Amino acid sequence: MVSAKEEPDSSLPPAMDGLLRVHKRIIDGLDSDSSNAPPSSGAKVSTRLLVPASQAGSLIGKQGGTVKSIQEASTCIVRVLGA
């Protein structure tokens with residue numbers, strides 16, 4: 001769980017910034033550990049984020065707009081799975 005106090009003046013919410021930093025650190029660790037390293041620099045890396053059902057609507061956004069913007073901005077694929 002990553003949480004942080006809301007900072008309205010911040011361009012990126014602190015909790016999201018923390019989550020991205022944790023993800024980057026994990027990926028960097030994979031790169032330095034050859035036994036767990038992806039086979040090439042273009043390899044896929046998957047991250048699973050568990051979100052409470054009560055917050056899933058915030059992640060998806062109206063008509064999937066938030067998920068779509070995340071995919072476009074990050075060039076990643078976001079899949080929302082049911083229970």
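Observations on the model:
- Of the residues making up the range 64-83, those that are farther than 15 Å from Leu20 by Cα and among the small types (Gly, Ala, Ser) are Gly64, Gly65, Ser69, Gly82, Ala83.
- Of all positions in the range 30-47, at least one carries a residue that is under 11 Å from the mean Cα position of the chain (by Cα), open to solvent by 70 Å² or more (accessible area, probe 1.4 Å), at pLDDT below 80 and closer than 18 Å to Met16 by Cα.
- Boolean, Leu59 is open to solvent by less than 70 Å² (accessible area, probe 1.4 Å), modelled with pLDDT of 80 or more and not hydroxyl-bearing (Ser, Thr, Tyr): yes
The values are calculated or read from the model by the stated rules, or taken from the named source; none is laboratory data. Please read these numbers as outputs of a predicted model, since none were measured by experiment. Keep in mind that these areas ignore ligands, DNA and RNA; they rest on the heavy atoms of the full protein, side chains included. Shrake-Rupley method; radii C 1.70, N 1.55, O 1.52, S 1.80 Å.
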